[in-house]
């Protein structure tokens, strides 16, 4: 008898926890804005991007996901549509005269460079966790008189994701 009562109590507790879990999952998915993107420099072909006489934002033309539409391939800038904390990263590829930086509202966050000589092909990456207000912009910038190379391998990429809203 005691075992039957205990079993009923456990089943009742499990049912209550199951309902609470369903409610929490629903609340989380409904209230959490979803923002994420990843993109590569080229949609097809291969070749250098740069050099240019001034610093320029890199235009990542091959967009993989763009959840939340924060990344605008036409303007090459990610614009924060949700106040929160974001994670951004980029990878650059070249064989000797590259300098790429990640910028928020024009201000330097992090950078990577390759100023070696010779035929070696190099990769460099960097990342930052950034707090954004609505309307803030983030982009990867190629420094003046520098260049990167890309081909069908999508070697130069930029990605970002909203970690949590504030």
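The values are calculated or read from the model by the stated rules, or taken from the named source; none is laboratory data. On a predicted model such as this, the values are computed, not experimentally measured, just so you know. No Cβ is skipped: glycine too gets one built from the backbone with ideal geometry, and neighbour counts run over all protein chains shown.
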Can you tell which of 80, 68 is in the same structural domain as residue 129 (by TED's automatic domain parsing), surrounded by 15 or more Cβ atoms within 10 Å (Cβ to Cβ), modelled with pLDDT of 90 or more and under 19 Å from residue 132 (Cβ atoms)? 80
Scanning for something over 12 Å from the mean Cα position of the chain (by Cα), in contact (Cβ under 8 Å) with a residue 40 or more places away in the chain and farther than 21 Å from residue 126 by Cβ, does segment 52-62 turn up at least one residue? yes
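Let's see how each residue does on (1) in a strand (DSSP E or B); (2) surrounded by 10 or more Cβ atoms within 10 Å (Cβ to Cβ); (3) touching a helix residue (DSSP H, G or I) at 6+ places or on another chain (Cβ under 7 Å); (4) modelled with pLDDT of 90 or more:
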residue	(1), (2), (3), (4)
11	no, yes, no, no
14	no, yes, no, no
19	no, yes, no, no
26	no, yes, no, no
29	no, no, no, no
53	no, no, no, yes
Answer residue from segment 31-49, given it is within 18 Å of the chain's Cα centre (by Cα) and in a strand (DSSP E or B) and is surrounded by the most Cβ atoms within 10 Å (Cβ to Cβ) among those: 39
